[in-house]
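Take a look at the structure set out below.
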Amino acid sequence: MRIGAHVDSVDPLAEAAARAAEAVQFFLADPQGWKAPQPRPDADRLRSADVDRYVHAPYVINVATRNNRIRIPSRKLLLAHANAAAAIGAKGLIVHGGHVNAGDDLAVGFDNWRKTFAYAADSGGFQLPVLIENTAGGDNACARRLDALARLWDVVGEYEVGFCLDTCHAHAGGEELLGLVDRIKAITGRIDLVHANNSRDAFDSGRDRHDNLDGGTIDPELVVALVRAADAPVIVETPGGVEGQRADITFLRDQLGTGASAA
Ligand SMILES: [Zn+2]
């Protein structure tokens with residue numbers, strides 16, 4: 001089981017080394033902006049690194065919305081990030097499940113997800129797995145609660161879509177963590193990546209504020225149990241910089257009984 005962290009994008013391999021991480025996740029462009037990702041000068045080095053790479057798509061992307069001025073650029077930007085992530089040999093592109101606006105039918109959001117994959121297929125297809133991540137907030141989210149996730153997967157399942165489980169988002173989003181991996185796999189058939197985070201906020205608060213594994217409102221043992229059950233690579237998206245994340249990675253390795261395999 002490879003364990004790593006979300007890191008700054010300037011020199012991800014140095015960040016990995018500082019944390020003894022076997023995997024890194026980073027952004028390829030401003031997560032709050034619409035600028036397309038630029039080719040990276042270190043693409044060759046990243047591609048041949050023994051540290052696994054994951055790319056997180058910008059937060060502004062919402063392919064589900066009925067708002068054309070968000071949905072259409074979201075589709076294009078997601079495909080651009082997929083191409084850029086493939087160029088560095090990333091294992092997956094993580095994107096939030098998105099939402100429709102208040103009063104809009106979630107069924108439209110799910111169908112917009114289907115159209116996103118159809119659009120990509122028409123443009124040569126996603127060159128790496130796209131992992132839809134569960135989110136913490138909102139009443140109209142496509143991937144906050146499992147009933148919505150099941151409806152989403154009914155619509156996009158034909159496209160080999162991956163899933164990223166964020167433990168903070170699940171807890172704050174109102175899904176019981178006990179047994180959650182089995183309930184998700186019954187829907188998606190897979191978990192490709194775990195974002196192992198604690199939550200600063202209460203169960204079902206709808207808030208998205210990550211905490212270190214030994215802090216927050218989630219019993220850290222539960223996070224460990226989910227990681228073990230998912231049997232997938234793990235990224236911590238926790239605060240505290242190198243020190244905080246290194247401690248979280250060490251905690252997981254100790255609890256899971258696995259040593260670091262990366263230098
Ligand atoms: Zn996450």
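For the range 56-210, just run the numbers: alpha carbon Rg, then divide by 2.2 N^0.38 Å, N being how many residues it has. Display every interim value, and only then the final one.
Working: Rg = 14.5 Å, N = 155, 2.2 N^0.38 = 15.0 Å.
So the range 56-210 has a normalised radius of gyration of 0.97.
The calculated P(r) of the chain, using every Cα pair and 5 Å bins from 0, goes 1, 6, 14, 18, 20, 18, 13, 7, 2, 0, 0 in percent.
Seen through its C-alpha gyration tensor, with square-root eigenvalues sorted a ≥ b ≥ c, the range 182-235 comes out prolate because a/c lies at 1.5 or above while a/b is bigger than b/c. Summarising the strand pairing of the chain, around 10 percent of its internal DSSP beta bridges are antiparallel.
Quick one: of the DSSP bridges fully inside the range 40-190, what percent are antiparallel, nearest 5? Show your work: numbers first, answer last.
Numbers: 1 of 11 bridges.
That works out to approximately 10 percent antiparallel.
In this label model, Ala43 and Asp254 are separated by 4.2 nm, measuring between points 7 Å along each Cα→Cβ vector. Its alpha carbons considered, the range 39-91 gives a radius of gyration followed by a Dmax of 13.4, 41 Å.
Arranged from fewest to most other beta-carbon atoms within 10 Å of their beta carbon, Thr217, Thr135 become Thr217, Thr135. About its Cα centre, the dipole of the chain is roughly 820 debye, where the only charges are +1 on Lys and Arg Cβ and -1 on Asp and Glu Cβ. Distance between the C-alpha centers of the range 163-213 and the range 88-122? Whole Å please. Answer, in whole Å: 19. Sparse packing (at most 12 other Cβ atoms within 10 Å of the Cβ) combined with a DSSP loop state is found for none of the chymotrypsin sites (Phe, Trp or Tyr not before Pro) in the range 97-186.
Where a number appears in this text, it was derived from the coordinates with a stated rule and is not lab data. On a predicted model such as this, the values are computed, not experimentally measured, just so you know. With ideal geometry, Cβ positions are generated from the backbone for all residues, glycine too; neighbour counts draw on all protein chains shown.
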